[in-house]
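Heads up: the structure comes next, in structure tokens.
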Amino acid sequence: MSENASSLQDQVYWDPYRPDLNENPYPTFKRLREEAPLYYNKEYDFYALSQFADIDAHFANTQIFSSARSDVMEFIRADMDVPDGMFIWHDPPLHTAYRSVVTRVFTPKRMNALEDQIRAYCARCLDPMIGSDKFDFIADLGDKLPGGVIGMLLGIPDEARDKVRDQVEAALHTETGKPMEAEQANMTGEGFEEYLDWRAKNPGDDLMTELLGVEFTDAKGIKRRLTREEILIFVNVLAGAGNETTSRLIGWSGKILGDHPEQRKQVAADPSLIPATIEEILRFEPPGPSVARHVTQDVEIRGQIVPANSVMLFLLASANRDNQRFPDGDRFDIHRKGSPHITFGRGIHSCLGAALARVEGRVALHEILKRFPNWTVDTDNAKLSSSTTTRGWDTLPTFTR
């Protein structure tokens, strides 16, 4: 092998579609931070930032790093028409107008007020498992709780929540080793029409009822109510985000604490450690490991020009383990002090459901530990999900005895 060929072989390579890299991306992320903090993948034509400082500096700059073509690399490439109301894929002024509506009905105070209902829902899922020697963090709770909670919020009947969950999962999963298809982007709210029509005739104390009645000032300065199409898209966004992120968080809670039994014992003995434990799980294994943006103009980063119309991947999972920000970042530590993680993003596009995910995560972990203080992951039967937008478990069976 020539010296030049050997050098090329040693160059760091990141491919978000390779299952072997996705299984444990952190060694590659470490090399990216050290060797290629601004990385370019020629095969798929995208750039990536991996260091915390770089991501923190650029993530909130919507003028250069736009969400208006979505936050998924494949969808940005497809240059799809994003309809009004798909607020997570808008930039100001559209984003500002729509987000003002959602923040009024999706407040941290309201999310925290759901704790008793979330706890009761956990009990309904977990109590039948008491006495069993096996428990699956996904099948027995992760697949059920998020849909149940978002159903409570939106006013979707219990019997329809599995349908909502399946619809969300179908939109995010990919064939192993392949990019997502643009057709997977559900931006219409299809599937929620009957619930919206029923709520219009039967108002209740839920977000769907509030969305039907709320007035706001749109991007043109006109004070009005949301159209039916806008409400359907809002509901679609909230249902999707509310299901996927929390399911992943519950799965990673099982996997990580299964891998760190001494720390799990500490949390089981002292539930006051649960909020900090959830934050460390979110740092250590973020449900959404990367976020894509469309580059609107030439921009210089680290002495290089990233050209307009490029795709930039912000590798949040890499940033969360950057030793310059988090000392010994690859070590899981429920007693970690210092800087907050970047799992929920920065700026105007920070995750709207962060408060809800945190409440669900800590309540779920508390209820699990009360019933199953000890477990060992059945690694032979655990299955990692195939998705390029989230990272987590499709199944995570454990032995509880």
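Every number in this text was worked out from the coordinates using simple rules, so none of it is lab data. Please read these numbers as outputs of a predicted model, since none were measured by experiment. Note: ideal-geometry Cβ built from the backbone for every residue, glycine included; neighbour counts use all protein chains shown.
The label point for Asn374 and the one for Glu194, both projected 7 Å from the Cα toward the Cβ, are 4.8 nm apart.
Helical content alone sets the calculated 222 nm signal of the chain at -13000 deg cm²/dmol, taking -39,500 (n - 2.57) per DSSP H segment of four or more residues and averaging over every residue. Remark: Tyr13, Tyr98, Tyr195 ranked as Tyr13, Tyr195, Tyr98, counting other beta-carbon atoms within 10 Å and listing the fewest first.
Sorted fewest first by neighbouring Cβ atoms within 10 angstrom, Trp198, Trp375 come out as Trp198, Trp375. In the chain, if the dipole is taken from +1 on Lys/Arg beta carbons and -1 on Asp/Glu beta carbons about the Cα centre, which of Thr96, Pro128, Pro108 is farthest to the positive end? Of the options given, the answer is Pro108. Using a cut-off of 12 Å between beta-carbons, work out the net charge of the residues near Asn236 (Lys and Arg +1, Asp and Glu -1, Asn236 not included). Net local charge, Asn236 excluded: -4. Taking packing as the residue-averaged number of other Cβ atoms within 10 angstrom, the listed peptides 355-363, 74-82, 108-116 run from highest to lowest as 355-363, 74-82, 108-116.
Segment Asp298..Ala68, full-extension length gain: 81.1 nm, with 0.36 nm per residue of separation and the alpha-carbon distance subtracted. Less than 5 angstrom separates the built amide H of Phe137 from those of Leu396, Thr398, all sequence-distant by 5 or more or on a different chain. Only one of (i) 31.9, 98; (ii) 21.3, 74; (iii) 22.4, 87 was calculated from the structure for Rg and Dmax of the Cα atoms in Å, and its label is (ii). For the cross-link pairs Lys30/Lys255; Lys337/Lys370; Lys144/Lys220; Lys42/Lys255; Lys30/Lys370; Lys201/Lys223, which exceed 30 Å when the distance is taken from alpha carbon to alpha carbon? Pairs exceeding 30 Å: Lys144/Lys220; Lys42/Lys255; Lys30/Lys370. Taking the centroid of alpha carbons for each part, segment 77-92 and segment 95-164 are 27 Å apart.
What does the charge count around Thr103 come to, taking other residues whose C-beta lies under 14 Å from its C-beta (Lys +1, Arg +1, Asp -1, Glu -1)?
After counting each charged neighbour, the total is +3.
With a 10 Å cut-off between alpha carbons and a GNM built on the chain, which of Ala364, Ala308, Ala268 moves the most? It is Ala308.
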